[in-house]
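The structure appears right after this line, and notes come after that.
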Amino acid sequence: MPALRCKALPPLLVLWSCVFVPGLRAQTPAGESAAERTDIGWQWIEQFAGSSSTEGQILALTSSAGYNFSSHVGLVAGIPVYFVHNPSSTAGTTSLAGTTSVNGIGDIFAGLRLSFANPAINYRMAVTGAAPSGDSSKGLSTGHTTYDWTNHFDRKFGRLTPFADLGLANSVPNTVFFQQFTSLGHLMHLETGTGFDLFGPLSVSASFYDIAPWGSQQVFSRLVTKGGLPAGAGSHGRVYEVSQQTSGGAGLTSDHGFNFGLDARISLFDIWAGFTHSVHFDLNVVSFGVGVNMRNLLHRAKGL
């Protein structure tokens, strides 16, 4: 899911070159974004991103601050605010629960990022931990501490930039799209694909992703309230349409699919859009987002 994109951030991984915000981002690995350019010292990143499918819309405003000690090492901390809207029908099935909206903060996170450029291959690593500050009954948290360790590899060949992301976590990351649930349980996540520079600030990408959990898993729904009525039929493994909290085996969160993304780096802003097809959940999702380094924006306004 994002060169570890600015995937709107929570289990995850985002703004690589700046401070690393966990969140959602289009699948474009090539280069660094306008919001992420490596500046030594304090950073302030604002990111607004969202996903939309037949199951509803999820928007997130993620605010983060961090410090870059060098072009190789940086720290970050932040918190997302979610705005979730679920329609009266889910996957073509009339919802018994009707239209619902869920708003609230997610889990506060902190992370370390390392970045090393090399003629042979570029390597980036991010370790992110999150504390349970969100409401698990709304699907905005698991109620437990979560972690994500992601390793990113890429190499540029002219306009082409093949990449691979490989990580370990105990919650499904939002790096490809915002799920209608949060999860708790150990897993490995993989994304591999390539980016392609079109012209000017535009680039595109295509990738394949896989989430491979093991052991016991828990799912906390954003579609169903605690003790509430089902929001769908639960077909294609979508247990989060039936119950607010579900426990089971690896099949609960296992997933794979493919992504297509478009990214534009314009001035201080990074704008992206993407399409994801989840094979396991038989779900099509459109995602978008914009990120900006507020420190650089303020410096420009002051003429610094």
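Is there a residue in the range 195-214 that is touching a helix residue (DSSP H, G or I) at 6+ places or on another chain (Cβ under 9 Å) and surrounded by 15 or more Cβ atoms within 10 Å (Cβ to Cβ)?
Taking every residue of the range 195-214 in turn, at least one turns out to be touching a helix residue (DSSP H, G or I) at 6+ places or on another chain (Cβ under 9 Å) and surrounded by 15 or more Cβ atoms within 10 Å (Cβ to Cβ).
What strands (runs of 3 or more DSSP E), lying completely within the range 165-276, carry at least 1 residues that are closer than 30 Å to N293 by Cβ and either within 19 Å of the chain's Cα centre (by Cα) or modelled with pLDDT of 90 or more (or both)?
Hits in the range 165-276: 181-184, 187-199, 202-213, 255-266.
Starting from the range 74-103, take each residue that is closer than 19 Å to T54 by Cβ and list its partners that are modelled with pLDDT of 55 or more and among the acidic types (D, E), counting only C-beta distances under 6 angstrom and pairs at least six apart or across chains.
T90/E55; T90/E241
Of the conditions (1) more than 14 Å from the chain's Cα centre (by Cα); (2) surrounded by 18 or more Cβ atoms within 10 Å (Cβ to Cβ); (3) not polar (S, T, N, Q), L160 clears all except one; give me its number.
All conditions pass for L160, except number (2).
Is there a residue in the range 43-64 that is of a type in the set (V, I, T), assigned to a strand (DSSP E or B), modelled with pLDDT of 90 or more and within 22 Å of G237 (Cβ to Cβ)?
Taking the range 43-64 first, the residues of a type in the set (V, I, T) are 45, 54, 58, 62.
This time we only want the ones that are assigned to a strand (DSSP E or B), so: 45, 58, 62.
Add one more test, that the residue is modelled with pLDDT of 90 or more, and what stays is 45, 58, 62.
Keeping just the survivors that are within 22 Å of G237 (Cβ to Cβ) gives 58.
Yes - at least one qualifying residue is present in the range 43-64.
Being of a type in the set (A, V, I, L, M) and either surrounded by 14 or more Cβ atoms within 10 Å (Cβ to Cβ) or in contact with a strand residue (DSSP E or B) (Cβ under 9 Å, 6 or more places away or on another chain) (or both) is the filter here, so list the residues in the range 116-157 that pass it.
A117, I121, M125, A126, V127, A130, A131, L140
Taking the condition of being assigned to a loop (DSSP other than H, G, I, E, B), of a type outside the set (D, E) and over 18 Å from A77 (Cα atoms), how many residues in the range 110-139 meet it?
6
Looking at the structure I just gave you, is R295 buried (at least 17 other Cβ atoms within 10 Å of the Cβ), among the basic types (K, R) and touching a Pro at 6+ places or on another chain (Cβ under 8 Å)?
Taking the combined requirement at face value, the residue does not satisfy it.
The values are calculated or read from the model by the stated rules, or taken from the named source; none is laboratory data. Since this is a predicted model, take the numbers as computed values, not measurements. Here Cβ is always computed from backbone atoms with ideal geometry, including for glycine, and neighbour counts include all displayed protein chains.
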